[in-house]
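Here the structure comes first, spelled out in structure tokens, and everything after it is commentary.
The values are calculated or read from the model by the stated rules, or taken from the named source; none is laboratory data. Because the structure is predicted, anything quoted here is derived from the model rather than measured. Here the Cβ positions follow ideal geometry from the backbone for every residue, glycine too, while neighbour counts run over all protein chains shown. To get the accessible areas, we keep the full protein, side chains included, count just its heavy atoms, and leave off ligands, DNA and RNA. Shrake-Rupley method; radii C 1.70, N 1.55, O 1.52, S 1.80 Å.
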Amino acid sequence: MRKLSNSFSFFSLLTRRRLTSFSSSLLPNTRTSNSPFNNNQCTKTHQFLAEKPHFIATRFRNTSTLVERASQVPSRQRKSMQKSNLEEAFESAESASEMLRIFNEMERVFEERELGLASLKLGLKLEQEGEDPENALSFAHRALKALDSDDIDNKPKLTVAMALQLLGSVNFGLKRFNDSLGYLNRANRILGRVQVEGFASVDDVRPVLHAVQLELANVKNAMGRREEALENLRKCLEIKEETFEEDAVELGKANREMAEAYVAVLNFKDALQYCTKALEIHEKQLGRNSVEVARDRKLLGIIYSGLDEHEKALEQNVWAKRVLKNWNLNDDLLRAEIDAANMMIALGRYDEAVGTLTNVVHQTDKDSETRGLVLLSMAKALCNQEKFADCKKCLEICLGILDKRERISPVEVAEAYSEISMLYETMNQFETAISLLERALGLLEKLPQEQHSEGSISARIGWLFLLTGKVQQAIPYLESAAERLKDSFGPKHFGVGYIYNNLGAAYLELDRPQSAAQMFAVAKDIMDVALGPHHVDAIEACQNLSKAYGEMGSYGIAIEFQQQVIDAWENHGASAEEELREAGRLLQQLKRKAQGASAGEGESPTKALPLPHRSSPSEMPLHRPGKA
């Protein structure tokens, strides 16, 4: 699971106030140089902690003279001095074990309600070190209980939000996603009140709010709710835009992360603008030959491929490889060469692709994942050249490598199985294709963060069962796919529309036209929104809906939808003359049926389209009832 890390730190926010609850003010009025927005903070450790927190350096005071004068010092003052000594020792501690030792001494002197901030700091430190998450969780609970109970006037407190964020983060690490989401949502509500009601400065709220939004994105991604996670990532970017200078390198990285998130939901159009912005910033601040620029260009290549602009994709790939070669980043360079070969395959330049891959394969280890990817791409090129025997040889070796890596890289192996299954489909070996997809599904079912991939693969299995006439077996896979993709991408995502269309086709073949009409209606509604009513597949969904109502004998409604089909094809002009003639013929047939003509005249069986090689609106698997 890839967890996005936070470049902000607000541990310094805690070190600017005393540990006890004696002070009535939540935050100091003055700020120190240890700013929570210091760009030099560590980005690879816990998102609230700098790599080495700047605790107060004072050590234990020498209390030997106090023993001699004990009779002259009131007991209340001695206790106060003891507390002060322990506070300073705790704040100067640099390891979790040292902090734990001092905290145990503090428990004998302080009341539990006074240990809220100390518990929070210790929980943060334990989570940073990552060796004892359950102990970190225990201190986070203690912190929340102490800080929350001190809320006499019901005012929202920044420290309570920080404790809730820690609880959310630790629970995320323990894969308790629902618990994590609950704590983070409450933290987000408290921060909203803190901002609106002005209980803390904007500079103090921002790093905490950023941490909460970023963790919400991580949790929602892990739960497969990727569309919702995008909103949290956009808020993270907005916070950084309000904090850093206009062309700061930090904003370049944030824009690239935003682009990657859009690529994950196949929204290449929106991904393009964020990636372009990242490239502009990195070229301006770091120069054209920086590693960050190479990474931007590599991502741009993926985005352009997703937009079917393969020449532009290859151009970005050439730029990226040049920079990666200069920096001797050989592993990244090999992956870029594989990407380039795949772009050549998309452009029909198969011989060039094979030449590139032949050169790359000699630079890889025998059983490495990289060699497996090279062989897979080689098989794609050979399959497109209809050299099926050579293609199968490549795939057999590739599968042998992947089988050994299922436990090491389950997500990558599942993706490879899915791609290999497409090649077997092309060679009409559908049983092998389904078997590979079921292996991929078995790997992904154990990973809740891969719910979107699980849904896509279930959809493909269902489509293949439809294609091979096993309609009854197709339905549970399609139904499962619809639910998972709705959770991941939202109910109006075009992929969900294609699945409902295929469900409708399945019900129609089982002579259940009423159920089919319901599915086709949902599919049409989604496609009209996601693709537009004049998109060819949205028109097909409308055509299917007309056919379903015709099968039910509801000819008036069928004729109404068939007229919509005709109107839509007319908008395509001369390029759709054949489709328009066919739609007109079907309309006349419906009118004759409405007047009592033979219901079976001109009917043809349901047929399936060839399965596409990626999930874009124009290439999703779509099962269409045959034309009458």
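Brief remarks follow.
- For region 118-138, a residue qualifies if it is outside any loop (DSSP other than H, G, I, E, B) and either of a type in the set (Gly, Ala, Ser) or surrounded by fewer than 23 Cβ atoms within 10 Å (Cβ to Cβ) (or both), and the qualifying residues are ALA118, SER119, GLY123, GLN128, GLU129, PRO133, GLU134, ASN135, ALA136, LEU137, SER138.
- Selection over region 154-165 of residues that are closer than 23 Å to ALA222 by Cβ and over 22 Å from the mean Cα position of the chain (by Cα) gives a count of 4.
- Set LEU334, LEU357, LEU373, LEU266: member being assigned to a helix (DSSP H, G or I), in contact (Cβ under 8 Å) with a residue 12 or more places away in the chain and within 30 Å of LEU230 (Cβ to Cβ): LEU373
- Only listed residue being under 27 Å from the mean Cα position of the chain (by Cα) and over 28 Å from VAL265 (Cα atoms), chosen from SER456, SER368: SER368
- Test: GLU292 is open to solvent by 50 Å² or more (accessible area, probe 1.4 Å), within 27 Å of ASN328 (Cα to Cα) and touching a residue at least 24 places away in the same chain (Cβ under 8 Å): no
Every residue, every condition in (1) among the β-branched types (Val, Ile, Thr); (2) closer than 24 Å to MET427 by Cα; (3) buried (at least 21 other Cβ atoms within 10 Å of the Cβ), yes or no:
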{"position": "ALA341", "(1), (2), (3)": "no, yes, yes"}
{"position": "LEU357", "(1), (2), (3)": "no, yes, yes"}
{"position": "ASP365", "(1), (2), (3)": "no, no, no"}
{"position": "THR370", "(1), (2), (3)": "yes, no, no"}
{"position": "LYS380", "(1), (2), (3)": "no, yes, yes"}
{"position": "CYS383", "(1), (2), (3)": "no, yes, yes"}
{"position": "ALA389", "(1), (2), (3)": "no, yes, no"}
{"position": "ILE397", "(1), (2), (3)": "yes, yes, no"}
{"position": "LEU402", "(1), (2), (3)": "no, yes, yes"}
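- Checking the stated criteria, TYR274 turns out not to satisfy the condition of being in contact with a helix residue (DSSP H, G or I) (Cβ under 7 Å, 6 or more places away or on another chain) and within 23 Å of ASP487 (Cβ to Cβ).
- Test: residue in region 572-582 that is touching a Gly at 6+ places or on another chain (Cβ under 8 Å) and either outside any helix (DSSP H, G or I) or among the hydrophobic types (A, V, I, L, M, F, W, C) (or both): no
- Looking at LEU266, LEU286, LEU279, just one residue is farther than 19 Å from ARG335 by Cα, surrounded by fewer than 22 Cβ atoms within 10 Å (Cβ to Cβ) and at pLDDT 95 or above, and that residue is LEU286.
- Among the residues of region 74-110, those that are part of a loop (DSSP other than H, G, I, E, B), of a type outside the set (Lys, Arg) and free of Cβ contacts under 8 Å to residues at least 40 places away in the same chain comprise PRO74, ALA93, SER95, GLU107, VAL109.
Conditions tested, residue by residue: (1) open to solvent by less than 30 Å² (accessible area, probe 1.4 Å); (2) touching a residue at least 40 places away in the same chain (Cβ under 8 Å); (3) within 20 Å of the chain's Cα centre (by Cα).
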site: LEU167; (1), (2), (3): yes, no, no
site: ASP179; (1), (2), (3): no, no, yes
site: GLY182; (1), (2), (3): no, no, yes
site: ARG189; (1), (2), (3): no, no, no
site: PHE199; (1), (2), (3): no, yes, no
site: ARG225; (1), (2), (3): no, yes, yes
site: ALA229; (1), (2), (3): yes, no, yes
site: ASP247; (1), (2), (3): no, no, no
site: LEU251; (1), (2), (3): yes, no, yes
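- Of the residues making up region 306-318, those that are small (Gly, Ala, Ser) and surrounded by fewer than 22 Cβ atoms within 10 Å (Cβ to Cβ) number 1.
- Any hit, region 469-476, residues being outside any helix (DSSP H, G or I) and surrounded by fewer than 24 Cβ atoms within 10 Å (Cβ to Cβ): yes
- When we screen SER458, SER453, SER421 for residues that are at pLDDT below 95 and assigned to a helix (DSSP H, G or I), the only hit is SER453.
- Restricting attention to region 515-551, the residues being small (Gly, Ala, Ser) and either closer than 11 Å to VAL565 by Cβ or in contact with a strand residue (DSSP E or B) (Cβ under 7 Å, 6 or more places away or on another chain) (or both) number 3.
- Test result for ARG113, farther than 20 Å from VAL219 by Cβ and touching a residue at least 60 places away in the same chain (Cβ under 8 Å): yes
- When ALA538, ALA521 are checked against the criterion of being touching a Gly at 6+ places or on another chain (Cβ under 9 Å), open to solvent by less than 10 Å² (accessible area, probe 1.4 Å) and either farther than 30 Å from ALA217 by Cα or not β-branched (Val, Ile, Thr) (or both), a single residue qualifies: ALA538.
- So ALA416, is it in contact with a Gly (Cβ under 9 Å, 6 or more places away or on another chain) and either in a helix (DSSP H, G or I) or open to solvent by 70 Å² or more (accessible area, probe 1.4 Å) (or both): yes
- Options ALA187, ALA200, ALA217: the member that is touching an Asp or Glu at 6+ places or on another chain (Cβ under 9 Å) and farther than 30 Å from LYS269 by Cβ: ALA187
- Only one of the numbered conditions (1) open to solvent by 20 Å² or more (accessible area, probe 1.4 Å); (2) modelled with pLDDT of 95 or more; (3) not β-branched (Val, Ile, Thr) is violated by LYS486, and that is (2).
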